[in-house]
Amino acid sequence: MDFTLTPEQTELQGSIREFTAKKLIPLAHEIDESEEFPKELFKEMGQLGYFGLTIPEEYGGMGLDFMSASLVAEELSKGSAGVTLSFAAHAFLCTYNLYAFADEAQRRKYLPKLISGEWIGAFALTEPGSGSDSTNLATTATLKGDAYVLNGSKMFITNGSVAQVFLVFARTPRKPGSQGVSLFIVERGSPGLSVGKDIPKLGTRGSPLNEVSFNECSVPVANLVGKEGRGISHMLRALDVERTLLSGIAIGAAQAAFDYALDYSKKRRQFDAPICSFQLVQEMLAQMAMEIEAARLLVRQAAWRLDNKMDINRHASFAKLFGAQMIMRVTQMAMQVFGGYGFCREFPVERFYRDAALMGLGGGTNEIQKLIIARDLIKSKVK
């Protein structure tokens with residue numbers, strides 16, 4: 001494995017870092033306070049091509065690899081984990097998965113508007129009664145004539161209130177068990193589709209979270225993605241990609257919290273000395289830096305394996321689990337370095353601390369990641 005960035009990746013990293021510094025960081029506090037989705041910022045991101053990072057150029061994308069995508073997620077989240085969450089849900093969970101699993105007609109119809117940012121996308125898997133048990137779906141899709149009729153609801157859907165396109169997993173009753181899950185493209189405005197109000201959240205504010213309901217919602221047969229009953233294979237692949245790329249959010253947000261803490265420790269004086277000269281503060285700084293770097297290497301390993309078309313089930317969970325645990329520890333230590341000021345909302349570390357809580361929940365809880373890792377280890381023949 002060689003994680004040395006190519007000149008193209010280094011250039012991309014630099015351009016995203018500049019965008020974050022000039023466009024995102026100045027708005028981050030306001031977005032968090034208002035809890036409003038930054039529509040104008042997203043339009044600009046679309047104009048810059050960020051939503052088509054992993055989509056081939058023939059469809060209007062950049063044709064870049066997953067390593068590059070993980071770098072973008074990391075750099076953007078140094079400004080705002082909430083904005084990056086909506087970005088990832090749109091660019092990767094919806095747009096990339098639509099490209100990966102859709103047929104040519106579906107790609108030509110939906111990708112141009114999703115890549116340009118004219119349309120925002122959402123990934124609708126979780127339900128009120130099935131979060132971690134993601135294959136036990138209650139939402140049904142029944143074939144009636146030339147359309148599927150969807151009934152049920154999805155919960156905690158990122159971008160729900162701003163999305164024009166939903167990738168929806170539903171159970172097709174004609175096939176039993178895991179073979180009975182299929183994937184559909186559902187457009188906003190479809191009769192029977194309704195989206196609830198934005199759910200107030202602890203962190204990642206500015207990234208809408210909604211319940212999405214289907215009541216006799218008619219979806220054309222042409223909007224079935226792939227073959228009926230192939231939804232589970234799509235789901236598992238999508239979750240591996242999600243866990244790899246969303247882990248970059250934990251790294252970027254933790255890195256930003258650390259950077260703020262390090263800078264503050266050099267300026268803050270107590271007992272006639274900067275607090276960075278105190279050994280206990282130094283211990284926290286060293287611990288934070290080490291854990292961030294370890295998490296970064298796990299994400300790059302998973303991204304490298306994705307790019308080399310290798311199995312990443314266990315490695316995606318390694319990255320997701322360690323990243324989620326790491327950001328909680330790092331942001332807590334960053335607040336400790338700031339002392340009482342770290343508890344105040346005018347300082348960014350307070351926001352990063354709140355944002356950190358999502359990382360152990362979204363994309364599969366920490367407990368689910370442990371189960372995935374353990375089961376893969378048990379069945380593996382490699383010592």
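Over the residues of the chain, the helix contribution to mean residue ellipticity at 222 nm works out to -16000 deg cm²/dmol, using -39500 (n - 2.57) for each DSSP H run of at least 4.
Here's how it looks for Phe123: its modeled amide H is under 5 Å from those of Thr158, Leu167, which are all 5 or more places away or on a different chain.
Applying 1/(1 + (r/R0)^6) with r as the Cβ-Cβ distance of Glu58 and Ser233 and R0 = 30 angstrom yields a FRET efficiency of 0.75. Couplings for the range 88-94, taken from phi via the Karplus curve 6.51 cos²θ - 1.76 cosθ + 1.60 with θ = phi - 60°, read 5, 4, 6, 6, 9, 5, 9 Hz in order; Gly and Pro are left as x.
The 3J(HN,Hα) values that the Karplus relation (6.51, -1.76, 1.60; θ = phi - 60°) gives for the range 229-242 are, in residue order, x, 9, x, 5, 5, 4, 4, 5, 5, 4, 5, 4, 5, 4 Hz. Gly and Pro appear as x.
State in Å² the accessible area per residue of the chain; use a 1.4 Å probe, count heavy atoms of protein chains only, and round to the nearest integer.
On the way: 16850 Å² over 383 residues.
Per-residue accessible area for the chain comes out at 44 Å².
Within a straight-line Cα-Cα reach of under 15 Å, Lys266 can be paired with the following aspartates and glutamates, leaving aside sequence neighbours fewer than 8 residues apart in one chain: Glu283.
Arrange the peptides 261-274, 234-247 so that the one whose residues have, on average, the most other Cβ atoms within 10 Å appears first.
Averaged packing, sorted descending, gives the order 234-247, 261-274.
Report the GluC sites (Glu not before Pro) located in the range 321-375 that are in a DSSP loop and have at most 14 other Cβ atoms inside 10 Å of their Cβ, or state none.
Details: sites: Glu346, Glu350, Glu367; in loops: Glu346.
Counting only loop positions with at most 14 other Cβ atoms within 10 Å, the GluC sites (Glu not before Pro) in the range 321-375 are Glu346.
Considering only protein heavy atoms and a 1.4 Å probe, what is the carbon-and-sulfur percentage of the accessible area of the chain?
Numbers: 9290 of 16850 Å².
About 55 percent, which is the carbon plus sulfur part of the accessible surface.
Close amide H partners of Tyr148, meaning residues 5 or more places away or on another chain with modelled amide H under 5 Å apart, are Val219, Val221. Normalised by the number of residues in the range 22-100, the average gap of Cα pairs under 8 Å and 6 or more apart makes the relative contact order 30 percent. Based on alpha-carbon centroids, what's the gap between the range 194-217 and the range 100-142 in Å, whole number please? That distance is 15 Å. Residue ranges 127-134, 60-67 sort as 60-67, 127-134 when ordered by packing (mean number of other C-beta atoms within 10 Å per residue, highest first).
Since only Ile275, Ala294, Trp304 are under comparison, the one whose Cα sits farthest along the positive direction of the charge dipole of the range 254-318, derived from C-beta charges on Lys, Arg, Asp and Glu, is Trp304.
In sequence order, the range 305-319 has phi-based couplings of 5, 4, 5, 9, 6, 9, 5, 10, 3, 5, 6, 5, 6, 3, 5 Hz under the Karplus curve 6.51 cos²θ - 1.76 cosθ + 1.60, θ = phi - 60°, and Gly or Pro positions carry x.
Placing +1 on the Cβ of every Lys and Arg and -1 on the Cβ of every Asp and Glu, with no other charges, gives the chain a dipole of roughly 940 debye about its Cα centre.
The values are calculated or read from the model by the stated rules, or taken from the named source; none is laboratory data. Owing to the predicted nature of the structure, the values given are computational and were not obtained by experimental measurement. All Cβ positions, even for glycine, are placed from backbone atoms using ideal geometry, and neighbour counts span all protein chains on display. Please note that ligands, DNA and RNA were not included when accessible areas were found on the heavy atoms of the full protein model with its side chains. Shrake-Rupley method; radii C 1.70, N 1.55, O 1.52, S 1.80 Å.
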